[in-house]
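Shown next, in structure tokens, is the structure this report addresses.
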Amino acid sequence: MGKKVLKYSLAFVLALSVILSVYSLYHYSGSTEGFRGNFQHSFTQGSTNRSWGSGSTNQGVWQRGNFSQGNGQNGQSQWQMPRSRADFRGFRGTSSKHGVYIMAYATVVFLLFVLSYYALKNKKFKLDFQSDAFIIALLFLIGFFMRLYIAATIEGFSGDIGLFRSWAQSASQDILNFYKNTPSCDYPPLYIYVLYFIGKIASIGNLLHYYNVILKLPSILADIVSSYIIYKIANKHFAKSISTFISTLYIFNPAVFINSSAWGQVDSFFTMLVIIAVYFLSEKKLGLSSVFFTAAVLMKPQGIIFAPVLFFEIVNERSLKKFLKAFVASLVTAVIVLVPFAIGQDPLWIFKLYEKTISEYPYASVNGFNFYGLLGANYVNSGTKLFVFSYSTWGFLFIVLTTAFSWFIYIKGKNSKLSFLAALIQIAGVFTFSTGMHERYLFPAVTLAIIAFLYVKDMRLFGLFAGFSITSFLNMYYVLFGSLRNSFGFIPMMVSLANVVMAIYLVKVSYDVAVLNRVCTFDLDLESHEIHTTI
């Protein structure tokens, strides 16, 4: 009876989410802070109040203009490209009118996180149903249509959506000369292929009206894929009902959908590549792992943060053959992705692109709620001295220390299953203590923490999953809904402090797991589907 009630309830919620999605798309205005229907995407110089950062400068602003349909030859829209991504540094996020609903939803979900953590840690936790494929399918479909509704309802971050749209337009017209025609682009080539297809799809019929929703679709689908990967991994270690519960925590996690559906960013897509790479590494499939690690680096420079984890396993294998296999796989992947864009370019163009991207934000913190934000160094030049070293030097030292510690944990653990824990150490340590961190860069920690928990079965990692979900959500929320001003207030400072504390706590947990073999875990009764905590 309980299982039947659950199915009917989920079917009702799915029907409701589909109706809401169709309604929001039917009444969709095509507005994204400067886009409404077929309006020109223009960038002009002007004075505007900065929503965050330090100091005061004149920033560019989005303005509506007359849309020109066609250029007389190929029927493509005319666009005036933004000059660079940095021009959007001071822009407000999306309208705050939906912020209260997002925050209300997040409060309820995170409260459930806390309750489920203590239920798992201190009491018997019993689910009254045995999960099956139908229930899983319903949950994933609800997650998809919920995101589709949000994507069509919430405008998104104007600067990012505007740039992705202009890049997609440029790529769809001439992808081979994309970087020549689009000097504003600071993304490596992999995601440009995705934007190329988005530009082509949006040019079909009336789909141009839904351009900004289509731009969010790859990340929305990546959310669903990542949720499925979490479910499949959980299935290897737990009963299906527990696996369903854990994957549900991810798919309805506010920190996940605010990035993809509300903001319109691509961190979900990037994180999907990272977890696939780490998964293949944990399965000792170095060739496939190298392909996806390389793909992550070729999508966003932050992929370099996770590259050491692949190096750890290659060194651990001590096999020249496996090293060559990994090297060839990475090289072939890089060649396939880069060559179409390299025609007629400087031989070192890709390195110059990475250099340009990394140097674009020379600040101690770029709205990141981390150690430097806690010190009040948001948008403070990274060359500024802190004690004997500059912020940038401190950041580099912390990157070295973080990588050395994660390598130490990996070696001591003597198990490739700790690769997710090592990847979590990398992103948590680099985000918290390195310079130039944006508000979104902690996002992969949410996914890596829950998967690391699945492998290690340490309840403290489940607690960190909840903690990183909360701090990552709040960091993005404060920027997206325009609540962040020139300096951090009480809540951003407390969130920054929480990230510092959790990063340090992660060090302790990792040391306990890999060195002391001390795990705060639980026994799972597969027949009754009950969890009992043991140390």
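If the condition is being of a type outside the set (S, T, N, Q) and open to solvent by 30 Å² or more (accessible area, probe 1.4 Å), then the stretch 333-348 contributes Val335, Ile336, Leu338, Val339, Pro340, Ala342, Ile343, Gly344, Asp346, Pro347, Leu348.
Which of the residues that make up the stretch 397-410 are surrounded by 14 or more Cβ atoms within 10 Å (Cβ to Cβ), β-branched (Val, Ile, Thr) and either over 27 Å from Val380 (Cβ atoms) or free of Cβ contacts under 8 Å to residues at least 12 places away in the same chain (or both)? Within the stretch 397-410, Ile409 is the sole residue that qualifies.
Quick check on the stretch 280-291. Is at least one of its residues out of contact with any strand residue (DSSP E or B) (no Cβ under 7 Å at 6 or more places or on another chain), assigned to a loop (DSSP other than H, G, I, E, B), open to solvent by 30 Å² or more (accessible area, probe 1.4 Å) and of a type in the set (A, V, I, L, M, F, W, C)? Scanning the stretch 280-291, I find no residue that is out of contact with any strand residue (DSSP E or B) (no Cβ under 7 Å at 6 or more places or on another chain), assigned to a loop (DSSP other than H, G, I, E, B), open to solvent by 30 Å² or more (accessible area, probe 1.4 Å) and of a type in the set (A, V, I, L, M, F, W, C), so the answer is no. Tallying residues that are open to solvent by less than 10 Å² (accessible area, probe 1.4 Å) and among the small types (Gly, Ala, Ser) within the stretch 446-478 yields 4.
One residue alone among Ser282, Ser226, Ser184 is at pLDDT 95 or above and under 22 Å from Gly303 (Cα atoms), and that residue is Ser226. So which residues in the stretch 243-279 are open to solvent by 10 Å² or more (accessible area, probe 1.4 Å), assigned to a helix (DSSP H, G or I) and not aliphatic (A, V, I, L, M), if there are any at all? Correct list: Phe245, Thr248, Phe269, Tyr279. For the stretch 216-239, filtering for residues that are aliphatic (A, V, I, L, M), more than 14 Å from Phe145 (Cα to Cα) and touching a Leu at 6+ places or on another chain (Cβ under 8 Å) leaves 4.
Let's see how each residue does on (1) under 16 Å from Phe280 (Cβ atoms); (2) modelled with pLDDT of 95 or more; (3) open to solvent by 30 Å² or more (accessible area, probe 1.4 Å):
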position	(1), (2), (3)
Met299	no, yes, no
Phe312	yes, no, no
Glu317	yes, no, yes
Leu320	no, no, yes
Leu331	no, yes, yes
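Inspection of the stretch 174-188 identifies at least one residue that is acidic (Asp, Glu) and either open to solvent by 10 Å² or more (accessible area, probe 1.4 Å) or over 18 Å from the mean Cα position of the chain (by Cα) (or both). Sub-6 Å Cβ pairs linking a first residue in the stretch 245-257 that is among the polar types (S, T, N, Q) to a second residue that is surrounded by fewer than 24 Cβ atoms within 10 Å (Cβ to Cβ), at least 6 apart or interchain, are Ser247/Ile230; Ser247/Tyr231; Thr248/Leu139, ordered by first then second residue. Of the residues making up the stretch 224-238, just one is among the hydroxyl-bearing types (Ser, Thr, Tyr) and open to solvent by 60 Å² or more (accessible area, probe 1.4 Å), namely Tyr228. For the stretch 189-207, the set of residues classified as among the β-branched types (Val, Ile, Thr) and more than 21 Å from the chain's Cα centre (by Cα) consists of Ile201, Ile204, listed by residue number. Residues that are among the β-branched types (Val, Ile, Thr) and either in contact (Cβ under 8 Å) with a residue 40 or more places away in the chain or crowded, with 17+ Cβ neighbours inside 10 Å (or both) within the stretch 354-396 comprise Thr357, Ile358, Val366, Val380, listed in sequence order.
Picking from residues in the stretch 231-242 that are small (Gly, Ala, Ser) and part of a helix (DSSP H, G or I), the one that is nearest to Thr357 (Cα to Cα) is Ala234. A count restricted to the stretch 145-154 and to residues that are buried (at least 22 other Cβ atoms within 10 Å of the Cβ) and not hydrophobic (A, V, I, L, M, F, W, C) stands at 1. Can you name every residue in the stretch 344-394 that is of a type in the set (Val, Ile, Thr) and more than 21 Å from the chain's Cα centre (by Cα)? Residues satisfying the conditions are Ile350, Val380, Thr384, Val388, Thr393.
Against the conditions (1) open to solvent by less than 20 Å² (accessible area, probe 1.4 Å); (2) not in a helix (DSSP H, G or I), Tyr441 satisfies every one except (1). Taken over the stretch 122-139, the residue count meeting the criterion of being open to solvent by 30 Å² or more (accessible area, probe 1.4 Å), touching a helix residue (DSSP H, G or I) at 6+ places or on another chain (Cβ under 6 Å) and modelled with pLDDT of 60 or more is 0. Looking across the stretch 485-520 at every residue that is surrounded by fewer than 17 Cβ atoms within 10 Å (Cβ to Cβ) and among the hydroxyl-bearing types (Ser, Thr, Tyr), the one that is modelled with the lowest pLDDT is identified as Ser487. Would you say Ile427 is under 30 Å from Cys520 (Cβ atoms), part of a helix (DSSP H, G or I) and open to solvent by 40 Å² or more (accessible area, probe 1.4 Å)? Answer is no for this residue.
The values are calculated or read from the model by the stated rules, or taken from the named source; none is laboratory data. None of the values given here were measured: they were computed from a predicted structure. A quick note on method: Cβ atoms are made from the backbone with ideal geometry, for glycine too, and the neighbour counts reach across all protein chains shown. Please note that ligands, DNA and RNA were not included when accessible areas were found on the heavy atoms of the full protein model with its side chains. Shrake-Rupley method; radii C 1.70, N 1.55, O 1.52, S 1.80 Å.
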